[in-house]
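A.B. asks: What follows is a structure written as structure tokens; I'll ask about it next.
The values are calculated or read from the model by the stated rules, or taken from the named source; none is laboratory data. On a predicted model such as this, the values are computed, not experimentally measured, just so you know. Counting neighbours? That spans all protein chains shown, and the Cβs are built from the backbone with ideal geometry, glycine included. Accessible surface is based on the protein model in full, side chains and every heavy atom, while ligands, DNA and RNA are left aside. Shrake-Rupley method; radii C 1.70, N 1.55, O 1.52, S 1.80 Å.
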Amino acid sequence: MAIRIFIDQGHNPSGPNTGAEGGELREQDVNYIVGVYLADLLRADPRFAVRLSRNDPNEVLGTSNSTSLAARVRMANSWPADYFISIHCNANTNPAINGTEVYVYQANTQSYWLAQHVLNGIVQRVGTKDNGVRINTGLFVLRRTQMPAILVELAYLTDPADAQRLRDDPYGFALGIYDGLLSYFGFAPL
């Protein structure tokens, strides 16, 4: 049976729960396209089944931050997904801060090991700095999902080198996540 992966492209394109911005890049747009590329990779691999939180670039989930997050969790839980991957981009007032980090609810769990593989996949594929797997018990999508869940901060919109990677190679980030999934499950590439 196929492993069910729910991809949450963090944030809405407009209205409630929009994301960070850096230069001409908007987080919600990068998240959307990386999620679509990842879904395409997973759909081409019969070992996986996939669903997206946003199936259209203009799709808005919820009417507030909290209902937007709740909708994403509800979709994953009701499927039910086997794994939940929320895709995000980071920002910082210091433009020198850069790199990739992956958040989980708790250490030494399946989520934690998956996060390590996905982080390694992204860093090896696109060359971002490895900022490690981090614990965050405050993130709603990690706290309320009923399956192993990770929140991937691809790179920093506010760092010039990271922003260029996000703009020029969204497919590379998706491929990095896919590489990490294959590594986590011990699958050979098709």
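A.B. asks: Grab the other residues whose beta carbon is less than 9 angstrom from that of Gly99, score K and R as +1, D and E as -1, and report the net.
C.D. replies: With Lys, Arg at +1 and Asp, Glu at -1, the neighbours total -4.
A.B. asks: If you don't mind, another one. For the chain, calculate the relative contact order in percent as a whole number, restricting contacts to Cα pairs under 8 Å that are 6 or more residues apart.
C.D. replies: Across the chain, relative contact order equals 27 percent.
A.B. asks: Next up: Mind ranking Thr109, Thr63, Thr93 by accessible surface for me, highest first, 1.4 Å probe?
C.D. replies: Thr93, Thr63, Thr109
A.B. asks: Could you state the number of Å between the C-alpha centres of the range 25-65 and the range 73-103?
C.D. replies: 12 Å
A.B. asks: At 1.4 Å probe radius, can you tell me the per residue accessible area of the range 1-113 in Å²?
C.D. replies: 43 Å²
A.B. asks: Answer with one residue from Val118, Ile177, Ala107: the one whose Cα lies farthest towards the positive end of the charge dipole of the range 49-190, charges on Cβ with Lys, Arg +1 and Asp, Glu -1.
C.D. replies: Ala107
A.B. asks: Based only on Cα atoms, what Rg/Rh ratio does the range 80-190 have, Rh being taken as Kirkwood's radius?
C.D. replies: Rg/Rh: 0.97.
A.B. asks: Per the Kirkwood definition applied to all pairs of different Cα atoms, how many angstroms is the hydrodynamic radius of the range 39-90?
C.D. replies: Taking every pair of different Cα atoms in the range 39-90, averaging 1/r and inverting gives 12.4 Å.
A.B. asks: Just to make sure I understand: if all protein chains stay in place, what is the order of Glu21, Glu153, Glu59 by accessible area at 1.4 Å, largest first?
C.D. replies: Glu21, Glu59, Glu153
A.B. asks: Kindly give Rg over Rh for the range 1-84, based on alpha-carbon atoms, with the Kirkwood expression for the hydrodynamic radius.
C.D. replies: Across the range 1-84, the Cα-based Rg/Rh ratio is 1.00.
A.B. asks: Ignoring solvent entirely, what values of log10 I(q)/I(0) come out of the Debye formula for the chain at 0.09, 0.14, 0.18, 0.19 Å⁻¹ when each Cα is a single scatterer?
C.D. replies: Treating every Cα as an identical point scatterer, log10 I(q)/I(0) equals -0.27, -0.70, -1.23, -1.39.
A.B. asks: Between Rg and the Kirkwood Rh of the range 54-144, both from Cα atoms, what is the Rg to Rh ratio?
C.D. replies: Rg divided by Rh gives 0.99.
A.B. asks: Let me ask you something else. Determine the percent antiparallel among the DSSP beta bridges restricted to the chain, to the nearest 5.
C.D. replies: Expressed as a percentage, antiparallel bridges in the chain total about 20.
A.B. asks: Computing the accessible area with a 1.4 Å probe over protein heavy atoms, can you report the carbon and sulfur percentage for the chain?
C.D. replies: Looking at the chain in its full context, I get 50 percent from C and S.
A.B. asks: Apply the Debye scattering formula to the range 144-190, with a single equal point scatterer on each alpha-carbon and no solvent, then give log10 I(q)/I(0) at q = 0.21, 0.22 Å⁻¹.
C.D. replies: Scattering profile of the range 144-190, log10 relative to I(0): -0.83, -0.86.
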